[in-house]
């Protein structure tokens, strides 16, 4: 795989069985992630945006191999993550870390926050005193005075403070890639801004690469260089953040932008945002999964999943409306 | 007025963070009911341990002429039983048996049940189904019936009582441990530990057990009083401790025909059982409140 990318995924797929009956056979499959491919270059921030339940969190876990995919592959720094030996995997884990969404469930209530941060270092063989010192230094870096907070338990901290601890825990191993799974969704707007700015600072300081997952288009626009729009486990559009904001192509992306609150009255769109809930991922519509809610649905849409089509430099869209352009290999 | 007292107040609210177990101890220390019950338990345990030295008489030496002496008889403070044996001595000695029969099965169940439950909960899949369905078989029987059936099959005697009661309590602990494990396993901090490359053992040790042992311990402590009553019940039925050993349930059984002659003396072992199991219940209630984690 080309070394220009820090992270590559090809055809990632994860279907979860819904078991039932006496024999607990799979009765149906939830298509959480279906055929997702993308590249992340060193130093860039890839935003992944989509509604709840579109497979964003599963994708995050697939990238970090917390969940084994059914098909497809993940390459980190040119290395096939799914086929490395366990010892090498443990080493790889230092380079790719995850920040979780829920600041409450993501910290062990029985560990002080400095122990929570130091734990990863202990796992990788650091001495106790050394691990603690490095954890405390990092807590200071994310804005938590280690003298005041180091020996505290998670329940003594606010949501924003806990999220800072989560970030410190993810950074303590000095990773190259940070996957952020809705890192600010559970926080108040004002705290969101603080945490986002902390993340941007840290990225510049430590030359990090981010995969930033969120359902909040404003947040995604703020932090991302490139954006991937997901719908029901599939990528419907990808491009630079500017290109997507200027001229979203896929009807779903357009609807997302129309639904996002904007401070600028000139940017309001005439088209109504989409109505209703996304279809059940257990039995998604045939062909283009968005067609049931799409204002432009054509008979062709029901036949097959539209392949990604290049509509600009690095701007792909999976929609038959743009079928005339040259098709990119799927 | 109270402004001056504020710094002291602050030290309890925001002061030096303490370890989890010190917090628990601190909370326990301010529960009056728990403290009283705990002190009572300590006294009961102490008197049972010290029985050989503090009992005024030999618990199995009877005096045919002094049968069913009332409470307050000189040299027999709590009277004598139907064979003229000193009740106080027998109650002290009986406490040993009853506490052993009450605590041992719960301790065994706590250890085995936690082990099985955590394994079943953490591995999931077939191992979970296998363990949990087997436990369900035991769970299907009422506790008393199961204890009687197993004791009946094994025969009377203290060791068999302990075995049968352990079998009664293991499935209950397994259930609690399993559900706590499944719940904790799904939390994000376990995923975070995996993401940092922690081994299964490290995850179990630092993240799972630390959060599972608390609830299981609290549950096990609620079972002690039940175990005491079941053990006493088995002795009462002649399936537990055998005469002439002193055990509260057994004493209740042998004294029961004498209730029309002297109503107070036969009630004493029952009272002892009641007070002890009540004290265990109160302590476990206090423990549950004190060990609650504020998330």
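The values are calculated or read from the model by the stated rules, or taken from the named source; none is laboratory data. Note that the coordinates shown come from a computational prediction; the quantities given were computed from them, not determined experimentally. Glycine gets a Cβ as well: all are built from the backbone with ideal geometry, and neighbour counts include every protein chain shown.
Sort out which residues of the range A:78-105 are in a loop (DSSP other than H, G, I, E, B) and either without any contact (Cβ under 8 Å) to a residue 24 or more places away in the chain or touching a strand residue (DSSP E or B) at 6+ places or on another chain (Cβ under 8 Å) (or both), and write them in order of number. Passing the criteria: A:84, A:85, A:95, A:100, A:101, A:105. Of the residues contained in the range B:200-207, one or more are found to be assigned to a helix (DSSP H, G or I), facing chain A (nearest Cβ under 8 Å) and surrounded by fewer than 23 Cβ atoms within 10 Å (Cβ to Cβ). Considering every residue within the range A:159-167, establish whether at least one is within 12 Å of chain B (Cβ to nearest Cβ), farther than 26 Å from residue B:23 by Cα, buried (at least 23 other Cβ atoms within 10 Å of the Cβ) and in contact with a helix residue (DSSP H, G or I) (Cβ under 9 Å, 6 or more places away or on another chain). Taking every residue of the range A:159-167 in turn, at least one turns out to be within 12 Å of chain B (Cβ to nearest Cβ), farther than 26 Å from residue B:23 by Cα, buried (at least 23 other Cβ atoms within 10 Å of the Cβ) and in contact with a helix residue (DSSP H, G or I) (Cβ under 9 Å, 6 or more places away or on another chain).
Regarding residue A:139, is this residue crowded, with 20+ Cβ neighbours inside 10 Å, part of a loop (DSSP other than H, G, I, E, B) and away from chain B (no Cβ under 12 Å)?
Taking the combined requirement at face value, the residue does not satisfy it.
Residues that are away from chain A (no Cβ under 14 Å), under 30 Å from residue B:86 (Cα atoms), touching a residue at least 24 places away in the same chain (Cβ under 8 Å) and within 16 Å of the chain's Cα centre (by Cα) do occur in the range B:165-181. Return yes or no: is residue A:156 under 26 Å from residue A:211 (Cβ atoms) and either surrounded by fewer than 24 Cβ atoms within 10 Å (Cβ to Cβ) or away from chain B (no Cβ under 12 Å) (or both)? Considered against the rule, which asks whether it is under 26 Å from residue A:211 (Cβ atoms) and either surrounded by fewer than 24 Cβ atoms within 10 Å (Cβ to Cβ) or away from chain B (no Cβ under 12 Å) (or both), residue A:156 comes out as no. Exactly one residue out of B:116, B:111 is farther than 30 Å from residue B:55 by Cα, at pLDDT 90 or above and buried (at least 19 other Cβ atoms within 10 Å of the Cβ): that is B:116.
Would you call residue B:23 within 14 Å of another protein chain (Cβ to nearest Cβ), at pLDDT below 80 and surrounded by fewer than 17 Cβ atoms within 10 Å (Cβ to Cβ)? The answer is yes for residue B:23.
In the set (1) closer than 24 Å to residue B:245 by Cβ; (2) under 27 Å from the mean Cα position of the chain (by Cα); (3) surrounded by fewer than 16 Cβ atoms within 10 Å (Cβ to Cβ), the condition left unmet by residue B:58 is number (2). The number of residues in the range A:82-116 being more than 28 Å from residue A:72 (Cα to Cα) and more than 8 Å from chain B (Cβ to nearest Cβ) comes to 4. Within the range A:117-124, not a single residue is part of a helix (DSSP H, G or I), touching a residue at least 60 places away in the same chain (Cβ under 8 Å), over 26 Å from residue B:292 (Cα atoms) and within 12 Å of another protein chain (Cβ to nearest Cβ).
Does residue B:212 qualify as being surrounded by 21 or more Cβ atoms within 10 Å (Cβ to Cβ) and within 14 Å of chain A (Cβ to nearest Cβ)?
Here the answer is yes, as residue B:212 does meet what is asked.
The requirement of being away from every other protein chain (no Cβ under 14 Å), touching a helix residue (DSSP H, G or I) at 6+ places or on another chain (Cβ under 9 Å), part of a helix (DSSP H, G or I) and buried (at least 19 other Cβ atoms within 10 Å of the Cβ) is satisfied by residue B:235.
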